[in-house]
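Have a look at the structure below before the remarks.
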Amino acid sequence: MTAPAQALRNPVFVAVDTPDIGKATAMAAQVADAAGGLKLGLEFFSANGPKGAQQVQKASDLPLFLDLKFHDIPNTVAGAVRAAAAQVKPFMMTLMCAGGRAMMEAACKAATDVAHELIVPRPLLLGVTVLTSFDQNDLLETGVSGGVADQVRRLAELAKLSGLDGVVCSPLEAEMLRRDLGPDFKLITPGVRPTWADANDQKRIMTPQEAVAAGASYLVIGRPITGAQDPAVAAARIALELNPAA
Ligand code: C5P
């Protein structure tokens, strides 16, 4: 039997972008009572591996979003999903949709199998469509002649067909994807900034409320929280702005 998915306090995943395990666990502890979850990516994982991810999780007891963007042959990605799901037990994790249908299907089967075997919640599997660092010209250089929005939609549809639970997308793509892919498909959006925070290097942004109204299921927010004088206060303020009744 697969254990039921964990309920989240709120939809905000704090991006902990550091290779430093001490800084990451300190940040995790600071936002433990205010955030919905934590996101760890390649920078952290390359430095600290699954044991480091476990330490961060323990420091906060928050669900983890493991953003490792797997992209390889189906057998290898299935093995990586199995290993990560068994050791880190993330709430959700990413793979590149460009890896194709067989790769995504193999990842889904691996996630389901490991959840049954170990009686842990099956991690949500999310596709990454077109990196937001890509523009039309970058796409053309990789042999894709259509527009960015068309490619995002095509890959998101393929992700859904292949059994994935959702995709990571720009908040500006959320409305189109929510309309095209239905109410149950998860949309995870970085590029989110409260009105009171700096945009930093993010160019196409929405506020948390706008992103949720556009259809986002979960939000990834880094520097407005991690760079704030009091990260817990910043995370709590965002959660309150999203749900003033709470
Ligand atoms: O600090 P900030 O809120 O900009 O952090 C956003 C997080 O989301 C970072 O971890 C960044 O790598 C990630 N991300 C992003 N844009 C994407 C995909 C991921 O900003 N398209």
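The values are calculated or read from the model by the stated rules, or taken from the named source; none is laboratory data. Bear in mind the structure is a predicted one, so any value in this text is a computation, not a measurement. Reconstructed Cβ throughout: ideal geometry from the backbone, glycine too, with neighbour counts over all protein chains shown. These accessible areas exclude ligands, DNA and RNA; they are computed on the full protein's heavy atoms, side chains included. Shrake-Rupley method; radii C 1.70, N 1.55, O 1.52, S 1.80 Å.
Going through region 111-164 one residue at a time, which ones are open to solvent by less than 10 Å² (accessible area, probe 1.4 Å), small (Gly, Ala, Ser) and within 16 Å of the ligand (Cβ to nearest atom)?
Gly127, Ala156, Ala159, listed by residue number.
Quick check on region 165-209: of everything there that is near the ligand (Cβ under 9 Å from one of its atoms) and not hydrophobic (A, V, I, L, M, F, W, C), which residue is nearest to Val148 (Cα to Cα)?
Among residues in region 165-209 that are near the ligand (Cβ under 9 Å from one of its atoms) and not hydrophobic (A, V, I, L, M, F, W, C), the one nearest to Val148 (Cα to Cα) is Ser170.
For the list (1) touching a residue at least 12 places away in the same chain (Cβ under 8 Å); (2) open to solvent by 30 Å² or more (accessible area, probe 1.4 Å), I need the number of the one condition that Pro231 fails.
Single failed check for Pro231: (2).
Cβ-Cβ distance below 6 Å, separation of 6 or more or different chains: which pairs start in region 55-81 with a residue that is within 18 Å of Gly166 (Cα to Cα) and end on one that is hydroxyl-bearing (Ser, Thr, Tyr)?
Asp67/Thr94; Lys69/Thr94
For every residue, the table says whether it meets (1) β-branched (Val, Ile, Thr); (2) touching a residue at least 60 places away in the same chain (Cβ under 8 Å); (3) in contact with a Lys or Arg (Cβ under 9 Å, 6 or more places away or on another chain).
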{"position": "Val88", "(1), (2), (3)": "yes, no, no"}
{"position": "Phe91", "(1), (2), (3)": "no, yes, no"}
{"position": "Arg101", "(1), (2), (3)": "no, yes, no"}
{"position": "Arg122", "(1), (2), (3)": "no, yes, no"}
{"position": "Gly127", "(1), (2), (3)": "no, no, yes"}
{"position": "Gln136", "(1), (2), (3)": "no, no, no"}
{"position": "Gln151", "(1), (2), (3)": "no, no, no"}
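If a residue has to be part of a loop (DSSP other than H, G, I, E, B) and in contact (Cβ under 8 Å) with a residue 60 or more places away in the chain to count, how many in region 185-217 make the cut? Even if it seems obvious, please write down each step before you answer.
Step one: list which residues in region 185-217 are part of a loop (DSSP other than H, G, I, E, B), which gives 185, 190-191, 193-205, 207, 215-217.
Keeping just the survivors that are in contact (Cβ under 8 Å) with a residue 60 or more places away in the chain gives 190, 204, 216-217.
Going through region 185-217 one residue at a time, the tally reaches 4.
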